[in-house]
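See structure below.
The values are calculated or read from the model by the stated rules, or taken from the named source; none is laboratory data. Fair warning: this is a prediction, and the values are worked out from it, not measured in the lab. Quick reminder, even Gly has a Cβ in these numbers, built from the backbone with ideal geometry, and neighbours come from all protein chains shown. To get the accessible areas, we keep the full protein, side chains included, count just its heavy atoms, and leave off ligands, DNA and RNA. Shrake-Rupley method; radii C 1.70, N 1.55, O 1.52, S 1.80 Å.
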Amino acid sequence: MKLGNSRIAGVGRCLPDHVVTNDDLTRVMETTDDWIQQRTGIRERRHVAENTGAADLGAVAAREALDGAGLRPSDVDLVLFATLSPDFDFPASACVMSRILGIAGVPAFDIKNQCSGFLYGLAIADKFIKTGRARSVLLVGGEIHSTGIDLTTRGRDVAVIFGDGAAAAVLSAESDPKRGVLSTHLHAEGKYAEKLWLEAASSRANPRLSAEMLEGARPRIFPYMEGKYVFKHAVTRFPEVILEALSANGYNVEDLDLLIPHQANLRISQMVAMGLELREDQLFNNIDRYGNTTAASIPLALYEALAQGLLKPGSLLCLASFGAGFTWASALVRW
C-alpha cells in the first residue's frame, strides 16, 4: 500500500570535540592558513579521539534525530548508514550502530557512495516509504577521515580538506503529497574512478595489504585526488543535477528557498552559485568550520540550517552532491 511522500521528521549530529585549525596543520606539514583558505575555504575541521568509530558518532546523531522525530529506536523499520570510512571491512557500520542503539530485527546496511552517499541513502529511504515497505527510516552519514589520511607535507593536498563527523535524519511517512521529498535524482560515471580514490587495501591485490603499499612518494593506503580534474567535473555536474530536480517538479532557480550542496570545497559552491545566479541567501555553506565530511556533510549542513531558522514550513529545499565514482545526485524537498 502506497503511503504518500516521505519527509524528514528529525535531524541530529555528532561532532568530535577536538578542533584542528589550519595553524595546527602547519606544525605537521608545510602549509599555511592562507594557502588552505584560498584553495578550499576551510579554516578548521574536527578529528576524533582514539578508539572512536563511525558507528559511535552515528549513534549519538541518531538518538538526537529520533528524539526530534518523537520516535524510539524500536520504531525504526530500516537503518541506512552512508560512509566511506566504516568501523570495519565487515560487518556494516549500520549493524554496529544498530547494536549500540538497541535496534534489532530490521534491515540495516551501509551505502558506500562517498560524497553522494547521503543522497543515495535518501533516495532509498524515500522509496521504501513511498512503496509502503517502511514508515520510519533512520539515515545516517558518518565519517572518520583523520585516521586514514597522510598528515604530512606529502599528503597535504588531501589531508587539509577532510574532517570527522556524523549527522542523521529520520524519514517518516507523510500523507500530504505537496510536502516532503518531492523527487531524487542519482547518477554515476565509473570511468573516472581513479581520479578520486583509495586504492589499498584491495581485494585485487594478494596480499591485500603489503609493506610496498605503505611506501613511496604516493602510498596507496592514502586517498588520492586529481584535484583540478575533480573540480572541473564538479562545477559542471552540480548545476546539471540541481536544475534536473527543479525541472522535474516544475520549478525554476528563482523558486528555490535554499540550496545545501555537499561541502566539498567552498570555491566549487561559489562557482555553482554564480553559474545559477543564486542569491547569497539561497546558498548554505559550513565547510569553513568542518571541512569535507563526505557522507556527513549534507546532513550536518541541514542540521545547522534548521538551527538557524533558514527552513520553515513550505520552504523549497534542494540538496545536491558530487563525489568519487564519479557520482552526483540531488533531492528536492518541500519542508
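Extension gain for residue 34-residue 183 works out to 49.7 nm (0.36 nm per residue, less the C-alpha to C-alpha distance).
Summing Cβ point charges (Lys, Arg +1; Asp, Glu -1) relative to the Cα centre of the chain gives a dipole of roughly 800 debye. Here the sum of -39500 (n - 2.57) over DSSP H runs of 4 or more residues, divided by the residues of the chain, equals -9000 deg cm²/dmol at 222 nm, to the nearest 500.
Once the chain from residue 226 to residue 277 is taken as fully extended at 0.36 nm per residue, the excess over their C-alpha distance is 15.6 nm.
Packing, as the average of other Cβ atoms within 10 Å across residues, places the peptides 157-165, 271-279, 97-105 in the order 157-165, 97-105, 271-279, highest first. Computed over the range 213-252, the range of Cα coordinates on each principal axis works out to 53, 16, 7 Å, biggest value leading.
Inter-part distance, the range 145-212 to the range 273-307, computed on C-alpha centroids, equals 17 Å. Taking θ as phi - 60° and the Karplus parameters 6.51, -1.76 and 1.60, the scalar couplings of the range 9-21 work out to 9, x, 9, x, 8, 8, 10, x, 6, 6, 8, 10, 7 Hz in sequence order, x denoting glycine and proline. Close amide H partners of residue 10, meaning residues 5 or more places away or on another chain with modelled amide H under 5 Å apart, are 170. For the chain, a Kirkwood hydrodynamic radius built from all Cα pairs, placed in the Stokes-Einstein relation at 20 °C and 1.002 mPa s, yields a translational diffusion coefficient of 107 µm²/s. Counting only DSSP beta bridges with both residues in the chain, the antiparallel share comes to about 70 percent. Rg/Rh, computed from the Cα trace of the range 88-165 with Rh as the Kirkwood radius, has the value 1.08. Accessible surface area normalised per residue over the range 261-316 is 38 Å², counting heavy atoms of protein chains with a 1.4 Å rolling probe. From most to least packed by mean Cβ count within 10 Å, the peptides 122-132, 167-177, 306-316 give 167-177, 122-132, 306-316. Between residue 251 and residue 106, the contour length at 0.36 nm per residue exceeds the Cα-Cα span by 48.5 nm.
For the range 67-219, the calculated P(r), taken from all Cα-Cα distances in 5 Å bins from zero up to the bin holding the longest distance, is 2, 8, 15, 18, 18, 14, 10, 8, 5, 3, 1, 0 percent. Which parts of the range 307-335 would a label at residue 176 reach, counting a residue when its backbone N lies under 16 Å from a point 7 Å out along Cα-to-Cβ? Label zone hits: 311-317, 333-335. Tally up the carbon and sulfur contribution to the accessible surface of the chain as a whole percent, 1.4 Å probe, everything protein left in place. The nonpolar share, carbon plus sulfur, comes to 50 percent. Projecting the Cα atoms of 319, 329, 203 onto the charge dipole of the range 193-335, computed from C-beta unit charges around the Cα centre, puts 203 farthest toward the positive end. Which helices, counted as full DSSP H runs in the chain, have an axial Cα extent of no less than 24 Å and a Kyte-Doolittle average of 0.0 or above? Those that pass (Cα extent of 24 Å or more, hydropathy at least 0.0) are 227-248. Accessible surface for the range 5-138, divided over its residues, is 45 Å² per residue with a 1.4 Å probe. Calculated over the range 1-78, the projected area of the Cα convex hull averaged across directions stands at 8.4 nm². Seen from residue 187, the other residues with C-beta closer than 12 Å to its C-beta sum to a net charge of -2, counting Lys and Arg as +1 and Asp and Glu as -1.
Could you pull out every residue, at least 5 positions away or on a different chain, whose amide H is within less than 5 Å of the one on residue 108? Hs are placed 1.01 Å off N in the peptide plane, and Pro or chain starts have none. Correct list: 79.
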